[in-house]
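Heads up: the structure comes next, in structure tokens.
The values are calculated or read from the model by the stated rules, or taken from the named source; none is laboratory data. Please read these numbers as outputs of a predicted model, since none were measured by experiment. Note that each Cβ is placed from the backbone with ideal geometry, even for glycine, and that neighbours are counted across all protein chains shown.
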Ligand code: HEC
């Protein structure tokens with residue numbers, strides 16, 4: 001086995017080697033009052049958990065980045081190098097030496113909490129909060145709840161950024177912001193996704209079912225310069241929040257902060273949602289006791305487009321996901337591969353630069369589902385056939401793509 005440095009050379013210390021790794025890859029979440037369950041800011045925080053840290057880094061469970069970096073790269077990628085992983089391993093094996101800490105200005109010690117987006121002249125930030133705090137029962141059960149936030153804007157509004165601010169950082173596991181213009185969701189305040197009444201509005205198409213998907217650490221998206229996501233007149237927001245199980249009663253009031261520009265930016269971001277309709281091996285029915293693969297093929301593009309971000313979506317039976325595009329010249333453009341689908345860490349992946357897909361390109365996706373008892377997340381005991389539906393116990397296969405019509409030079413623009 002290869003070790004970064006042998007003991008005859010220099011000893012690996014926390015101060016010199018380990019702390020910098022944790023500072024760049026972990027503490028954005030692992031600091032007091034943030035989303036992770038404990039802080040990793042100090043040696044005293046880290047040393048007693050060193051074995052655990054070695055385990056979660058060598059299995060690549062942490063940092064929680066689920067996309068395969070040998071397939072494609074993204075702006076928000078957070079991965080340890082093999083060398084970092086080995087360094088942590090060896091530090092643990094060598095006895096977790098602290099080493100000589102450099103003196104540091106004290107304010108650098110504590111990572112600064114996320115700075116609230118400052119209002120600039122051209123952008124106004126508006127906060128949308130849940131209508132009232134939600135009471136989370138201490139019954140040790142996870143739950144999925146819907147919350148309607150009325151807005152009912154008279155005119156179109158131009159979104160430049162979206163931020164989700166979890167109220168209860170320990171229990172808000174992930175959330176999705178959707179928009180509706182039909183008033184179908186009005187009055188829904190804390191309705192459970194298990195409630196049969198929720199099926200009624202879930203069967204109607206919303207104007208944007210995937211405006212923003214939040215997981216811990218993915219706090220804010222900002223759209224590229226000169227682009228905007230349009231909020232249609234008379235829009236209300238709908239939050240779908242997944243709460244982790246809690247042993248004690250607790251509450252949550254989460255909110256969404258949206259940045260609106262006064263002027264209409266030149267380029268409107270459009271959403272292309274590849275749904276189950278495009279599956280080529282229908283029916284989309286995941287048979288009990290089987291691992292099944294579905295293939296999706298989207299019609300040739302009618303124009304040149306520039307991709308901004310991409311978000312695969314499956315539920316608890318998801319096992320792996322892959323998407324790619326083939327241009328009319330036969331060029332393969334790899335979009336995303338998630339080798340081990342993780343329901344808890346689904347997010348939007350923003351490309352480093354606009355990705356051009358020329359007219360005539362065909363987008364393909366493959367979703368693999370494990371409907372056996374070997375899937376620890378399988379919600380059905382005993383296992384049963386599962387088909388299409390919004391409910392967490394049903395399944396979906398979506399690829400949500402944000403794009404703008406292509407302009408010459410886009411592929412050189414950093415996002
Ligand atoms: C994007 C936010 C985020 C980042 C970055 C992150 N973590 Fe975590 N971490 C979490 C959350 C949330 C949990 C608790 C939920 C879970 O286990 O998935 C967690 C759990 C853990 C656990 C406990 C796992 C368990 O099974 O209970 C360890 C250990 C850990 N993280 C170490 C690290 C280390 C080391 C890094 C950096 C290399 C890191 N984390 C980066 C958010 C993060």
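Annotations for the structure displayed:
- Residue check for residue 159: touching a residue at least 12 places away in the same chain (Cβ under 8 Å), closer than 15 Å to residue 235 by Cα and surrounded by 16 or more Cβ atoms within 10 Å (Cβ to Cβ): yes
- When residue 374 is tested against (1) part of a loop (DSSP other than H, G, I, E, B); (2) farther than 21 Å from residue 68 by Cα; (3) under 22 Å from the mean Cα position of the chain (by Cα), only condition (3) is not met.
- Being modelled with pLDDT under 90, farther than 23 Å from residue 64 by Cβ and either more than 19 Å from the chain's Cα centre (by Cα) or within 16 Å of the ligand (Cβ to nearest atom) (or both) is a property that holds for residue 200.
- Any hit, region 78-88, residues being touching a helix residue (DSSP H, G or I) at 6+ places or on another chain (Cβ under 7 Å), in contact (Cβ under 8 Å) with a residue 12 or more places away in the chain and either assigned by TED's automatic domain parsing to the domain that holds residue 173 or more than 10 Å from the ligand (Cβ to nearest atom) (or both): yes
- Subset of region 378-402 that is more than 30 Å from residue 270 (Cα to Cα) and touching a strand residue (DSSP E or B) at 6+ places or on another chain (Cβ under 8 Å) - its residue that is surrounded by the fewest Cβ atoms within 10 Å (Cβ to Cβ): 385
- Only one entry in 44, 54 is over 30 Å from residue 308 (Cβ atoms), assigned to a helix (DSSP H, G or I), near the ligand (Cβ under 10 Å from one of its atoms) and outside the structural domain of residue 332 (by TED's automatic domain parsing), namely 54.
- Test for residue 311: is it modelled with pLDDT under 95 and farther than 13 Å from residue 401 by Cβ: no
- Restricting attention to region 19-41 and to residues that are outside any helix (DSSP H, G or I) and near the ligand (Cβ under 7 Å from one of its atoms), the residue that is surrounded by the fewest Cβ atoms within 10 Å (Cβ to Cβ) turns out to be 37.
- Some residue of region 366-377 being at pLDDT below 95, crowded, with 21+ Cβ neighbours inside 10 Å and not assigned by TED's automatic domain parsing to the domain that holds residue 200: no
- Within region 15-35, residues that are assigned by TED's automatic domain parsing to the domain that holds residue 50 and farther than 21 Å from residue 103 by Cα sit with their Cβ atoms under 9 Å from residues that are more than 10 Å from the ligand (Cβ to nearest atom) and assigned to a helix (DSSP H, G or I), at 6+ positions apart or across chains, in these pairs: 30/45.
- Test: residue 316 is out of contact with any helix residue (DSSP H, G or I) (no Cβ under 7 Å at 6 or more places or on another chain) and assigned to a loop (DSSP other than H, G, I, E, B): no
- Note on region 130-144: residues that are part of a strand (DSSP E or B), surrounded by 13 or more Cβ atoms within 10 Å (Cβ to Cβ) and at pLDDT 95 or above amount to 2.
- Residues in region 57-103 that are part of a helix (DSSP H, G or I) and surrounded by fewer than 17 Cβ atoms within 10 Å (Cβ to Cβ): 58, 82, 83, 93.
- Scope region 382-394; condition modelled with pLDDT under 95 and either within 21 Å of the chain's Cα centre (by Cα) or assigned to a loop (DSSP other than H, G, I, E, B) (or both); matching residues: 389, 390, 391, 392, 393, 394
- Within region 266-289, the residues that satisfy the criterion of being in a loop (DSSP other than H, G, I, E, B) and under 20 Å from residue 160 (Cα atoms) are 266, 269.
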